[in-house]
Amino acid sequence: MNYVYCSDLKNYQVLGTFLELLYYLKVTKNEDPIPLVIVGARDANKIPSLKSFLSEKLGIENGIFQTNDKISFNGTIEKIAESLTYGITNVKKLQSLEYNSINIGTGIASSLISKYRCTNLELIKIRNELNTYTQQTVLFLETFQELASKTVKPGDTIYIYNGRHYNTYPQSLFCEQLGCNIFYYERMNSWKNLKIQKPRIHDFVATSHIVKNLWESTNDNKKKIIGQSFFDKNMNNQFTRNFSEKLDINKNIISFFTSSEDEFASLDPRICLSDIFEDQRQAIEWLINWAALQHEYTLVIRLHPNQERICTKDYKYWHTLSGKNVVLIPSSSKIDSYDLINRSSKVITFLSTIGIEATRASIPSITLGNPIYKGLDAVYEPTNIEQLNYLLENDIKTKKKENTTPYGYYNLKQGPSLDFLPHTGFASFESYPEFLNSKIS
């Protein structure tokens, strides 16, 4: 049996991708997917509309639809949540929180970090919201366990959206216990393709094998042209055109391009983001200390534009970075990143796509993390401090430009295309939640 799990009928990204996956499985693959929909009280009145929509548009008559408030406890859910979160004052403690022998804290932390765009949450200040998320996590997990235990068998396939949040991560762990065949799904390529994969979405090392396998197995005689076009589009998209200023510095530059932290700040502990450093912050602090001892190089740190909208505490950390031979470009700057790449002797990244784009620009590129393009021989991949020191302090050649092409091809061609929306008569994915609301009224 194939189950497609959905836990949010308000978020158009979740709902839209859920519907696209059902269409792909039902129409393209001629399978009989079973919607497994568990929602909170907020979305309970949308379930009849969703059932009607699935029947009318996809011919799906069978499914499992449940609200998470049907579960009963000995005592109130509020007291259970308060008991679970008692004494939890920081994210690290939260990430180890368990319920029913299932880790629930990692998903709660991930959701709260994303909501507040803050990796160092002051949990004491958001105690009420922490308890609310914990309540919902317990309700979602209990409901999922009850339904899955009755219906899902070892060897059955279940599709889970993203898999890192409070209402999906604990479910993924329970499915592992059941012996399910788990796939994670999401949208990619600017809402043109479905990403469906066995590795967790943020397990970039495992995903890198998908990149290589796609390239090696495809018979597409245009794959080189398509792969190259990805980089051309990145350099000339609307977002890129907003940045046109040049850095006014006449020194030998090594540049570091940061990645946004909130998406990978709380993940399954089995995922390794770097072979050298615990996280991006440890990496940048090491680089600042290294730069202070240099005479030849200036370290230029280009903060990601998305870091302009992070919480005050994280913003202060990144925007007050300083050191000898260090130049900081704030997130609000209109400095052209591609111009900065071309002016750099070397480019350093943690997980950023800029790392592989530097190679396209014929600039030596070093990654300190484990990005999706790892293993393509497109960037230097040091595995210890000694190797990193050597790469920084010696002349190194740029990796072959053609080694970047498989990554470009993956970004444009991985996964089935999103084909359901044109059959609905809706103008955009944002219309799905609105449609369910209109059916209610």
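Any read-out appearing in this document is the output of simple, stated calculations on the displayed coordinates, not a laboratory observation. What you see is a predicted model; the values in this text were computed from it and never measured. Note: ideal-geometry Cβ built from the backbone for every residue, glycine included; neighbour counts use all protein chains shown.
Summary table
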| quantity | calculated |
| --- | --- |
| Relative contact order (percent, whole number), the chain, Cα cutoff 8 Å, 6+ residue spacing | 18 percent |
| Chain lengthening between Glu216 and Lys70 when straightened (0.36 nm per residue, less Cα-Cα) | 47.7 nm |
| [x] 23.3, 70; [y] 30.5, 104; [z] 22.2, 76, with the label sought being that of the calculated Rg and Dmax of the Cα atoms in Å | [x] |
| Aspartates and glutamates whose Cα lies under 17 Å from that of Lys223, excluding same-chain neighbours fewer than 8 positions away | Asp232, Glu402 |
| Segment 216-413: relative contact order in percent, alpha carbon pairs under 8 Å with at least 6 residues between | 28 percent |
| Largest-first principal axis extents, alpha carbons of segment 216-413, Å | 51, 37, 37 |
| Loop-located GluC sites (Glu not before Pro) in segment 122-208, at most 15 other Cβ atoms within 10 Å (DSSP) | Glu122 |
| Loop trypsin sites (Lys or Arg not before Pro), segment 384-425 (other Cβ atoms within 10 Å of the site Cβ: 13 or fewer; DSSP) | Lys397, Lys400 |
| Rel. contact order, % - alpha carbon contacts under 8 angstrom, at least six apart, segment 36-191 | 22 percent |
| Which of Tyr5, Tyr373, Tyr390, Tyr409 has the fewest Cβ neighbours within 10 Å, and the rest in rising order | Tyr390, Tyr409, Tyr5, Tyr373 |
| Per the chain, cysteines lacking a partner by the 4.7 Å Cβ criterion | Cys6, Cys272 |
| Likely footprinting exposure, Phe277, Phe144, fewest C-beta neighbours within 10 Å first | Phe277, Phe144 |
| Sorted by Cβ neighbour density within 10 Å, fewest at the top, the residues Ser255, Ser96, Ser172 | Ser96, Ser172, Ser255 |
| DSSP-defined antiparallel bridges as percent of all bridges, the chain, nearest 5 | 20 percent |
| Nearest-ten-degree value, helix 12-23 long axis tilted from longest Cα axis of the chain | 70 degrees |
| Where GluC sites (Glu not before Pro) fall in DSSP loop in segment 291-379, at most 13 other Cβ within 10 Å | Glu296 |
